[in-house]
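Undergrad: Right, I'll just put the structure down here and ask away after.
The values are calculated or read from the model by the stated rules, or taken from the named source; none is laboratory data. None of the values given here were measured: they were computed from a predicted structure. Virtual Cβ from ideal backbone geometry, glycine too; neighbours counted across all protein chains shown. The area values use the complete protein model at the heavy-atom level, side chains included, leaving out ligands, DNA and RNA. Shrake-Rupley method; radii C 1.70, N 1.55, O 1.52, S 1.80 Å.
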Amino acid sequence: MALIVQKYGGTSVGDIEKIRTVARRVINSFKQGNQMVVVLSAMAGQTDRLIRLAHELCDQPDPRELDVLMSTGEQVSIALFAMAVKSMGYDASSLLGFQVPIHTDGLYGKARIHEVNTNRIKRELEKGRIVAVAGFQGLDENGDITTLGRGGSDTTAVALAAALNADVCEIFTDVDGVYTTDPNICPKARKLDTISYEEMLEMASLGAKVLEIRSVEFASKFQVPIHVRSTFSEEKGTMVTAETRDMEKVVVSGVTYNKNEARITMKHVPDKPGTASKIFKPVFEAGVIVDMIVQNPSEDGYTDLTFTVPKPDFHRTLKRLRDVAHDIGAERVMGDEDIAKVSIVGLGMRSHAGVAQKMFNALAKENINIMMISTSEIKISCVIEEKYTELAVRTLHTAFGLDSDAQEAD
Ligand code: ADP
Ligand code: ASP
Ligand code: MG
């Protein structure tokens, strides 16, 4: 008998018929003698709808109340799922985050899981029930509801799998695995049989939303193997696991894009010790996560500083920095929201030269201008104009030999 944690995303529970399909799938595994813990997302579009409602009411909804609101989507899904299971003659129990409980810090909207208490889930399992847990939500030390950040049901599932010492954590979604790039924008994307935690973490943090970043961090830390697969087929998907030696052979294993960042430039900044600290202090204090930072060489004691921030934080960051620019004697602050970041990821980059050159060449051939570049041991990212995103992704996918037909021809 195995203990299996399964997570079904929004499209997988998008309507009543799909919820029935999920219930049948879960019951099938249960009938084979497995203990089943099922994490569900809100029905497709629900979380967006709830956020829209809040913004219709006010510009900046109170974060505590927004979490109370957003967490309701998952409540609907687990209740309907448990009803579906019961209507098919099996026993199920739905649990909200606070009933488990899943303890988090108090950072509304992006709370981190501190601890999962598994007693209640184990009791339910011992009673022979299928347990349905609401994804994306937890409870802080004041007993208030928190949410884990968009896409956070993946993290709930992996955290439960780690805490329960589950045999496997299966993430069911609307694609049949992790691909070399988003299959919805690149028809030649190829499904990967395996991917390392490290590469998956880079891909997730660079925009591949098939797995949420923190879920991969969690999986890597607690060595939980994740199986990403389709709700709508029986096929094997992609295993996300610890690195194997073979993985190093592939130079570039994936291409990602992120349209959710904006660029800010501060012009003519006095180039002296302490300036960067003064510029970024208010940004960090506002909880804004700065990504790429580029500083030009100093000319006559002045420099330009450019960096990227998440689009939702763009306007408030710009506003704060206009005050800072005035205080430190910089000339002006400019912003640009129409940008995208395209990246290539691969463990093999560690040991191969010329990868960056190949990337720049491929983009140049399509006349795509590179505005910013950043590199790490296993990734290279370029900021480009947003309108070229799809073209850039497909071009890089072909340039690095990732196209499905290219592989078959080998
Ligand atoms: P769920 O609602 O099941 O959590 P998501 O929409 O969060 O599903 O994630 C699945 C989506 O991730 C896919 O529909 C696909 O468009 C996108 N995606 C982006 N990059 C990749 C990739 N490299 N491999 C697979 N899917 C990807
Ligand atoms: N419902 C939440 C979201 O849309 C969490 C999730 O689906 O994973 O972000
Ligand atoms: Mg998701």
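Undergrad: Straight-line reach from LYS188: which aspartates and glutamates have a Cα under 13 Å away, not including same-chain ones fewer than 8 places off?
TA: Partners within reach: GLU390, ASP403, ASP405, GLU408.
Undergrad: Pop out the ³J(HN,Hα) list for the stretch 166-174 in order, Karplus 6.51 cos²θ - 1.76 cosθ + 1.60 with θ = phi - 60°, rounded to Hz; leave Gly and Pro as x.
TA: Calculated HN-Hα couplings, in order: 5, 6, 7, 10, 9, 9, 8, 9, 8 Hz.
Undergrad: Can you list the aspartates and glutamates whose alpha carbon sits under 17 Å from that of LYS272, skipping same-chain ones fewer than 8 residues off?
TA: GLU299, ASP300, ASP304, ASP327, GLU331
Undergrad: Counting DSSP beta bridges with both partners in the chain, what percentage is antiparallel, nearest 5?
TA: Numbers: 44 of 72 bridges.
Percentage antiparallel, nearest 5: 60.
Undergrad: Moving to a separate point now. Radius of gyration and Dmax for the stretch 53-120's Cα atoms, expressed in Å?
TA: In order Rg, Dmax, the Cα atoms of the stretch 53-120 give 15.2, 47 Å.
Undergrad: Okay, moving on. Give me the percent relative contact order of the stretch 322-410, please, defined on Cα pairs under 8 angstrom at least 6 residues apart.
TA: 32
Undergrad: Can you tell me what percent of all Cα-Cα pairs in the stretch 285-372 are more than 23 Å apart?
TA: Of all Cα-Cα pairs in the stretch 285-372, 43 percent lie more than 23 Å apart.
Undergrad: A further question follows. Give me the 1.4 Å probe accessible area per residue for the stretch 329-391, excluding ligands and nucleic acids, in Å². Present the calculation step by step, with values, prior to reporting the outcome.
TA: Numbers: 2980 Å² over 63 residues.
With all protein chains present, the stretch 329-391 gives 47 Å² per residue.
Undergrad: How much area per residue is accessible in the stretch 244-310 when the probe is 1.4 Å and only protein heavy atoms are counted (Å²)?
TA: In whole numbers, the stretch 244-310 has 53 Å² accessible per residue.
Undergrad: Taking θ = phi - 60°, what integer Hz values does the Karplus form 6.51 cos²θ - 1.76 cosθ + 1.60 yield along the stretch 26-38, in sequence order, with x for Gly and Pro?
TA: Running phi through 6.51 cos²θ - 1.76 cosθ + 1.60 with θ = phi - 60° gives 5, 4, 4, 5, 4, 5, 7, x, 8, 8, 10, 10, 10 Hz.
Undergrad: In whole Å, what is the distance between the alpha-carbon centres of the stretch 312-369 and the stretch 126-193?
TA: Their Cα centres are 30 Å away from one another.
Undergrad: Just to confirm, what accessible area per residue do you get for the stretch 1-126 at 1.4 Å probe, in whole Å²?
TA: 49
Undergrad: Starting at 0 and stepping by 5 Å, how many percent of the alpha carbon pairs of the stretch 244-400 end up in each bin?
TA: Distribution as computed: 2, 9, 18, 17, 16, 13, 11, 9, 4, 1, 0 percent.
Undergrad: Among VAL355, VAL133, VAL290, which one moves the most in a GNM of the chain with springs linking Cα atoms closer than 10 Å?
TA: Maximum among the listed residues: VAL290.
Undergrad: Mean separation of Cα pairs under 8 Å and 6+ residues apart, divided by the residue count of the chain: what relative contact order is that in percent?
TA: 13
Undergrad: Using only the alpha carbons, work out the radius of gyration and Dmax of the chain in angstrom.
TA: 22.9, 78
Undergrad: Between VAL76 and LYS311, how high is the FRET efficiency from 1/(1 + (r/R0)^6) when r is the Cβ-Cβ distance and R₀ = 30 Å? Nearest 0.05.
TA: Details: r = 28 Å, r/R0 = 0.94.
For R0 = 30 Å, the calculated efficiency reads 0.60.
Undergrad: Report P(r) for the stretch 225-278: all Cα-Cα distances, bin width 10 Å, range 0 to the bin holding the largest distance, values in whole percent.
TA: Taking all Cα pairs of the stretch 225-278, the binned fractions are 14, 22, 23, 16, 18, 6, 0 percent.
Undergrad: Taking 26 Å as the cut-off for C-alpha to C-alpha distance, list the pairs among LYS221/LYS311; LYS191/LYS259; LYS281/LYS387; LYS31/LYS221 that go past it. Before the final figure, lay out the partial values.
TA: On the way: LYS221/LYS311 29 Å; LYS191/LYS259 23 Å; LYS281/LYS387 32 Å; LYS31/LYS221 32 Å.
Correct reply: LYS221/LYS311; LYS281/LYS387; LYS31/LYS221.
Undergrad: Could you tell me what percent of the accessible area of the stretch 318-410 is made up of carbon and sulfur, with a 1.4 Å probe and every protein chain present?
TA: Details: 2110 of 4720 Å².
Ligands and nucleic acids excluded, carbon and sulfur reach 45 percent.
Undergrad: Also: Taking every eigenvalue of the Cα gyration tensor of the stretch 1-142, multiplying by 5 and rooting it, what semi-axes result, largest first, whole Å? Let's see the in-between values first.
TA: Values: eigenvalues 156, 71, 20 Å².
The answer is 28, 19, 10 Å, longest axis first.
Undergrad: For the stretch 274-283, take each phi angle, set θ = phi - 60°, evaluate the Karplus expression 6.51 cos²θ - 1.76 cosθ + 1.60, and give the result in whole Hz per residue in order, putting x for glycine and proline.
TA: Result, rounded to whole Hz: x, 5, 4, 4, 5, 5, 8, 3, x, 5.
Undergrad: Roughly speaking, what % of Cα-Cα pairs in the stretch 93-215 are separated by over 25 Å, rounded to a whole number?
TA: So the portion of pairs separated by more than 25 Å is 31 percent.
Undergrad: So who's got an amide H within less than 5 Å of the one on ILE339, skipping anything under 5 residues away but keeping other chains? H placed 1.01 Å off N, in plane.
TA: Those qualifying (amide H under 5 Å, at least 5 residues apart or on another chain) are GLU386.
Undergrad: Let me see the pair-distance distribution of the stretch 12-88: every alpha carbon pair, 10 Å bin width, integer percents in order.
TA: 18, 41, 24, 14, 4, 0
Undergrad: How high is the relative contact order of the stretch 169-241, in percent, counting Cα pairs under 8 Å that sit 6 or more residues apart? Intermediate results must be reported in sequence, preceding the final value.
TA: On the way: 123 pairs, mean separation 33.2, N = 73.
Computed value for the stretch 169-241: 45 percent relative contact order.
Undergrad: Carbon and sulfur atoms: what percent of the 1.4 Å accessible area of the stretch 55-187 do they account for?
TA: Result for the stretch 55-187: 47 percent of the exposed heavy-atom area is carbon or sulfur.
Undergrad: Then there is this: Expressed in nm to one decimal, what extension gain is obtained for the pair ARG120 and SER351 from 0.36 nm per residue of sequence separation less their Cα-Cα distance? Mind showing how you got there, number by number?
TA: Working: separation 231, 0.36 × 231 = 83.16 nm, distance 4.83 nm.
Length difference between fully extended and current span is 78.3 nm.
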